[in-house]
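The values are calculated or read from the model by the stated rules, or taken from the named source; none is laboratory data. Nothing here was measured: the structure is a model prediction, and the numbers come from that model. Note that we place each Cβ from the backbone using ideal geometry, even for glycine, and neighbour counts take in every protein chain shown. Just the protein is used for accessible areas: all its heavy atoms, side chains included, with ligands, DNA and RNA removed. Shrake-Rupley method; radii C 1.70, N 1.55, O 1.52, S 1.80 Å.
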Amino acid sequence: MKFTIESITKNSGRLGKLRIKDGGPELRTPLLLQTTKGGSIPWLSADVFESNVSRKPQVLQFTLSTMDQMAEALKQWNSSGDRGLSDYVGFPGLPNILLLRDPCESTPSGGNDRDIQPLFTRRGKESLSPERYLEMVASFKPDIYQGLCDADTNLESAKKRVQKSVDRTEKFMHYIYENRGKVESTLLAPIVGGYNTFARTQSIKHAREQPAGSYGGYIFEGFHTNGLSATTLESSKLLSIVEHCVKQLEEDKPRLMTGAYTPVTVLELISQGIDVFDTSYAYCASLNFKALTFGFVHDAGEHKPFLDVTDEAIKEDFTPPLSNCKCLTCQKHTRAYLHHLYKTNELLGPILLMIHNLHHYMAFFEAISQSVANDSLPQLTELVRNQNGKSQVDYSIAANTKVISKATMGKGFAAAAV
């Protein structure tokens, strides 16, 4: 993996160029990873994604908690030729990153042990030792993988729990660093420590003490328990910790923060120097029947953070979910139709929501890149924070009592119906 800084602006963070593997595409940062579940972009087949969302090069974000059952099959797959993890799931050639936890789902707390890390999978809780973890990474052969860490902390975590997360992560990573040669993939050093500046500094120090070339970048963990918890974070407390950490990191390594952070928090983190995020916010919105409608360009339209398709008030609203949006959902369907799909539990509903939400969120990141290049990110942040003249609009996603069931999510790919 090769990362270079293209420019650093006074008020808007930095632009970079990231090449994950030799011969792969050169990607611009701030970068958006495509979150997957079980190796697939939720509700969308590869063909539907490429024809209706984006044809541009993407980076896939895989999670061990949703793919651990594939380890043996992938071991056989990889042994039979020069084929990668992305090829196995139907996205041939796309670069990828393997994480431990699913940023879209809340991770249970507890189950921690001195020598193992719990992994909560579809089959229940599994126990990962550093040895077992490296074996699984070797089976998956991702382009990038994160180091094994204890990220079971959040804003409410006690000082003792935070310190244990740092100590256990150091123990895990000591083995990973010593044996990283068994895996050809690029390692991301985990930075843990909850909301404690001393603990975060200790975690950073342990990573930076390693020999040159031990890892290719950083991943910040332990701020939330994934899922909707990331949408409700107090950004002021989060940002002060991130600022403290970034000052201690070298410039020439990318920094990742995964999770469903709100658009305003993402903008604030970019201004602090974070480079890579994911699309879990778009997924969480779709899961809870929300269409993203927030504005990020100056226009005459009225904008709210999202459209709730469960709202009875739109059952006879035959306008697009978002005017001026060029996605398939907004070009061919109406708010009333999305509401009808919700009421009738049709699988096409989440498919259309996901198409729109990914399209909208990816366009948002294009606007971010332009703003960073122009050193105008503060103005974009102000625009996103204050919609329709209302200051500090709420971007947190309230859990809908009737979320899309796991069974519905697993019903093949009816996406061809769009």
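Annotation note: Cβ proximity below 6 Å between a residue of segment 325-336 that is farther than 19 Å from VAL297 by Cα and a residue that is basic (Lys, Arg) and open to solvent by 40 Å² or more (accessible area, probe 1.4 Å) (sequence gap 6+ or interchain) occurs for ALA336/LYS315.
Can you report the number of residues in segment 331-373 which are among the β-branched types (Val, Ile, Thr) and in a helix (DSSP H, G or I)? Show your work before the answer.
Taking segment 331-373 as the starting set, the residues that turn out to be among the β-branched types (Val, Ile, Thr) are 334, 344, 351, 355, 368, 372.
Applying the additional criterion that residues be in a helix (DSSP H, G or I) yields 351, 355, 368, 372.
Total satisfying the criteria: 4.
Of all residues being at negative phi and at pLDDT 95 or above in segment 35-45, which is surrounded by the fewest Cβ atoms within 10 Å (Cβ to Cβ)? Just the residue, please. Out of the qualifying residues, it is SER40. Scanning segment 41-73 for residues being over 24 Å from GLU135 (Cβ atoms) and among the polar types (S, T, N, Q) gives a total of 5. Here's a check for you: in segment 214-244, which residue that is among the acidic types (Asp, Glu) and either at pLDDT 95 or above or closer than 21 Å to TYR145 by Cβ (or both) is most open to solvent (accessible area, probe 1.4 Å)? Only one residue fits best here, namely GLU243. On the stretch given as segment 224-256, residues that are out of contact with any helix residue (DSSP H, G or I) (no Cβ under 6 Å at 6 or more places or on another chain) and either under 17 Å from GLN61 (Cα atoms) or assigned to a loop (DSSP other than H, G, I, E, B) (or both) total 14.
I'm checking my understanding of the structure. Among residues of segment 245-279 that are polar (S, T, N, Q) and either modelled with pLDDT under 95 or in contact with a Leu (Cβ under 9 Å, 6 or more places away or on another chain) (or both), which one is farthest from LEU380 (Cα to Cα)? Let's see the steps before the verdict.
Initial filter on segment 245-279 (polar (S, T, N, Q)): 248, 258, 262, 265, 271-272, 279.
If we keep only those that are either modelled with pLDDT under 95 or in contact with a Leu (Cβ under 9 Å, 6 or more places away or on another chain) (or both) too, we end up with 258, 262, 265, 271-272, 279.
Numbers: THR258: 21, THR262: 14, THR265: 12, SER271: 11, GLN272: 15, THR279: 19 Å.
This residue is THR258.
Set side by side, the residues SER65, SER54 differ, and just one is at pLDDT 90 or above, of a type outside the set (Val, Ile, Thr) and part of a helix (DSSP H, G or I), which is SER65.
For the structure I just gave you, tell me whether THR197 is of a type in the set (Val, Ile, Thr), open to solvent by 40 Å² or more (accessible area, probe 1.4 Å), out of contact with any Cys (no Cβ under 6 Å at 6 or more places or on another chain) and touching a residue at least 40 places away in the same chain (Cβ under 8 Å). Judged against the criteria, THR197 is a match.
For ARG19, the conditions (1) in contact with a Pro (Cβ under 9 Å, 6 or more places away or on another chain); (2) at pLDDT below 95; (3) open to solvent by 30 Å² or more (accessible area, probe 1.4 Å); (4) not β-branched (Val, Ile, Thr) all hold with the exception of (2). Take PRO320 and tell me if it is at pLDDT 95 or above, part of a helix (DSSP H, G or I) and either open to solvent by less than 80 Å² (accessible area, probe 1.4 Å) or under 30 Å from LEU27 (Cα atoms) (or both). Spelling it out, it is not the case that PRO320 is at pLDDT 95 or above, part of a helix (DSSP H, G or I) and either open to solvent by less than 80 Å² (accessible area, probe 1.4 Å) or under 30 Å from LEU27 (Cα atoms) (or both). For segment 207-248, which positions are free of Cβ contacts under 8 Å to residues at least 60 places away in the same chain and of a type in the set (D, E, K, R)? Across segment 207-248, the qualifying residues are ARG208, GLU209, GLU243, LYS247.
What number of residues within segment 269-288 are polar (S, T, N, Q), more than 13 Å from the chain's Cα centre (by Cα) and open to solvent by less than 10 Å² (accessible area, probe 1.4 Å)? Can you show your working first?
So in segment 269-288, the residues polar (S, T, N, Q) come out as 271-272, 279-280, 286, 288.
Now drop any that are not more than 13 Å from the chain's Cα centre (by Cα), which leaves 271-272, 286, 288.
Now narrow it down to the ones that are open to solvent by less than 10 Å² (accessible area, probe 1.4 Å): 286, 288.
Looking only at that region, the number is 2.
Would you be able to say whether some residue in segment 326-341 is surrounded by 15 or more Cβ atoms within 10 Å (Cβ to Cβ) and closer than 20 Å to LEU32 by Cα? Within segment 326-341, one or more residues are surrounded by 15 or more Cβ atoms within 10 Å (Cβ to Cβ) and closer than 20 Å to LEU32 by Cα. When PRO142, PRO57, PRO103, PRO108 are checked against the criterion of being surrounded by fewer than 16 Cβ atoms within 10 Å (Cβ to Cβ) and under 17 Å from the mean Cα position of the chain (by Cα), a single residue qualifies: PRO57.
In segment 348-371, the residues that are without any contact (Cβ under 8 Å) to a residue 24 or more places away in the chain form no Cβ pair under 6 Å with any partner that is charged (D, E, K, R), whether six or more places apart or across chains.
Within segment 68-92, take every residue that is open to solvent by less than 40 Å² (accessible area, probe 1.4 Å) and not in a helix (DSSP H, G or I) and give me the one that is farthest from ILE355 (Cα to Cα).
Taking segment 68-92 and keeping what is open to solvent by less than 40 Å² (accessible area, probe 1.4 Å), we get 68, 70-71, 74, 78, 81, 84-86, 89-91.
Add one more test, that the residue is not in a helix (DSSP H, G or I), and what stays is 81, 84, 89-91.
Working: GLY81: 34, GLY84: 26, VAL89: 19, GLY90: 18, PHE91: 17 Å.
Going through the qualifying residues, I end up with GLY81.
Summed over segment 20-51, the residues that are in a loop (DSSP other than H, G, I, E, B) and either of a type outside the set (D, E, K, R) or within 16 Å of ASP278 (Cα to Cα) (or both) give a count of 13. The residues in segment 177-194 that are within 20 Å of the chain's Cα centre (by Cα) and open to solvent by 10 Å² or more (accessible area, probe 1.4 Å) can be counted, and the count is 2. Residues of segment 289-317 being over 17 Å from GLN387 (Cβ atoms), open to solvent by less than 80 Å² (accessible area, probe 1.4 Å) and either among the polar types (S, T, N, Q) or in a loop (DSSP other than H, G, I, E, B) (or both), which ones? Answer for segment 289-317, where residues must be over 17 Å from GLN387 (Cβ atoms), open to solvent by less than 80 Å² (accessible area, probe 1.4 Å) and either among the polar types (S, T, N, Q) or in a loop (DSSP other than H, G, I, E, B) (or both): PHE289, VAL309, THR310, ASP311, ASP317.
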